[in-house]
Amino acid sequence: MKKNIRKIVLEDGSVYTGIGFGCMENRKAEIVFNTSMAGYQEILSDPSYTDQAVVMTYPLIGNYGMCEEDYETSRPSMTAMIVREYCEIPSNFRCTKTLDEVMKEYGIVGIQGIDTRKLTRHIRTVGSCRAYLVDESYDTRKAVRELWNWVPGTDAVPRVSTKEIYEFSLDPTYDTLPGIREVTGIAETKKPHVVVIDCGIKHNILRQMAARGMRLTVVPWDTPAKTIEELRPDGIFISNGPGDPTYVQETIHTIRTLMGSCPIFGICLGHQIIALACGAQTYKLKFGHRGGNHPVKNLTTGRIEITSQNHSYAVLEESLKDTGLQVTHRNLLDQTIEGLADERKAVFSVQYHPESAPGPQDSAYLFDQFMEMMH
């Protein structure tokens, strides 16, 4: 591979130099980090990383290539992936393309050879910030000035959400997902009908619900409440997605209108939308939670779950008063809220990703809980 010297310029003037791979365009993004030791393909294709440059703290990335069955969206929208060492020659019988090839295909910038430990510590100190990934010759002072004047977009969810309503059915490849109880033999008329509001949903969330016997209708993020009611759902699911939850006012209004009509389950951005629909507030974390090893305590059972996470925002605990929401899960690293519920309205949500793509499978029971609520 030809060595193209590239650099990362942060808004505070810090510069990190490395070697480019993937797309070689100059791009601005919010820079964040992920601590997962595996699952770079699922991370690359997670719509929640739209407009972000992700620093992978695990040192070797790309060694098992890219597999057709493991994408979390059909069109990845991450801005950049930054790694310590990129493996050019993967070893995996399922591999169909290299990471470099996929990043070129979808216009995702890559930089390797960076001291990712130092960069991650810097992000933890100053917080998630704006970054400019440019050629080595690009003037650093000019890059910093451009970052100061750059305002990230607010349309991330509309860009990654489906544009049309569609039915989702399970691919035979995934008919025996780990941890899922036997659901074969359920008559089509007895399958609970779930309307899935797509704010940037991951494929494995849909697989997890379909494998449990749910009939899924996926709708765009801004679908009105009346349209959803006409679909006659037994339950409503709100997906993960990118950006500030206050930018998706249409979804918030829809959930506020539908609250109490049937069981509602939200994860990640969906969790924040439920909180906002109930009158609570959200705030931005200093550097977010991203990785597959975050300990969360289930306050109902006392059980500690190791979870997969990817979010910049959290629910403000002081704002829960008079909303009817109760805290059900708590992050043991910083005590932030990781789960909410209102039993009277049959609403519950979690901040993390229980579909485990990538990550541990400790929290898959939440999909069973949703199934039981609908029955």
Practice item. Go through the range 159-263 and tell me which strands (runs of 3 or more DSSP E), entirely inside it, have 3 or more residues that are surrounded by fewer than 23 Cβ atoms within 10 Å (Cβ to Cβ), of a type in the set (D, E, K, R) and modelled with pLDDT of 95 or more. Key: none
Practice item. Please tell me if residue 271 is assigned to a helix (DSSP H, G or I), open to solvent by 10 Å² or more (accessible area, probe 1.4 Å) and not β-branched (Val, Ile, Thr). Key: no
Review point. Cβ-Cβ below 9 Å, separation at least six or inter-chain, first residue in the range 223-242 and over 22 Å from residue 72 (Cβ atoms), second among the charged types (D, E, K, R) and in a helix (DSSP H, G or I): which pairs?
Key: 224/250; 225/256
Review point. Since residue 69 meets every condition but one in (1) acidic (Asp, Glu); (2) modelled with pLDDT under 95; (3) open to solvent by less than 20 Å² (accessible area, probe 1.4 Å), which condition does it not meet?
Key: (3)
**Study point:** Extreme residue, farthest from residue 348 (Cα to Cα), among residues of the range 284-306 that are more than 17 Å from the chain's Cα centre (by Cα) and surrounded by fewer than 14 Cβ atoms within 10 Å (Cβ to Cβ)
**Key:** 286
Exercise for review: Kindly provide the set of residues from the range 122-157 that are open to solvent by 60 Å² or more (accessible area, probe 1.4 Å) and of a type in the set (Ser, Thr, Tyr), ordered by number.
Suggested key: 125, 137, 154
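Can you tell which of 22, 62, 13, 39 is small (Gly, Ala, Ser), open to solvent by less than 60 Å² (accessible area, probe 1.4 Å) and over 25 Å from residue 203 (Cα atoms)?
The unique qualifying residue is 13.
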Review point. Among (1) open to solvent by 20 Å² or more (accessible area, probe 1.4 Å); (2) closer than 14 Å to residue 30 by Cα, where does residue 101 come up short?
Key: (2)
Review point. Does residue 58 meet the test of being out of contact with any Lys or Arg (no Cβ under 7 Å at 6 or more places or on another chain), among the aromatic types (Phe, Trp, Tyr) and without any contact (Cβ under 8 Å) to a residue 40 or more places away in the chain?
Key: yes
Practice item. Kindly indicate whether residue 320 is among the hydrophobic types (A, V, I, L, M, F, W, C), over 28 Å from residue 73 (Cα atoms) and open to solvent by less than 20 Å² (accessible area, probe 1.4 Å). Key: yes
Check your understanding: Can you name the number of the only condition in (1) of a type in the set (Ser, Thr, Tyr); (2) modelled with pLDDT under 95; (3) open to solvent by less than 50 Å² (accessible area, probe 1.4 Å) that residue 74 fails?
Key -> (3)
Check your understanding: Pairs under 6 Å by beta carbon, first residue on the phi > 0 side of the Ramachandran plot in the range 35-53, partner in a helix (DSSP H, G or I), six or more apart or different chains?
Key -> 51/156
Check your understanding: Scanning for something of a type in the set (Ser, Thr, Tyr) and free of Cβ contacts under 8 Å to residues at least 60 places away in the same chain, does the range 317-325 turn up at least one residue?
Key -> yes
Study note, to complete from the structure: Out of (1) among the acidic types (Asp, Glu); (2) free of Cβ contacts under 8 Å to residues at least 60 places away in the same chain; (3) surrounded by fewer than 23 Cβ atoms within 10 Å (Cβ to Cβ), the one residue 338 does not meet is (3)
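The values are calculated or read from the model by the stated rules, or taken from the named source; none is laboratory data. Given the structure is predicted, the values throughout are model-derived calculations rather than measurements. Cβ: placed from backbone, ideal geometry, glycine included. Neighbour counts: every protein chain shown. Please note that ligands, DNA and RNA were not included when accessible areas were found on the heavy atoms of the full protein model with its side chains. Shrake-Rupley method; radii C 1.70, N 1.55, O 1.52, S 1.80 Å.
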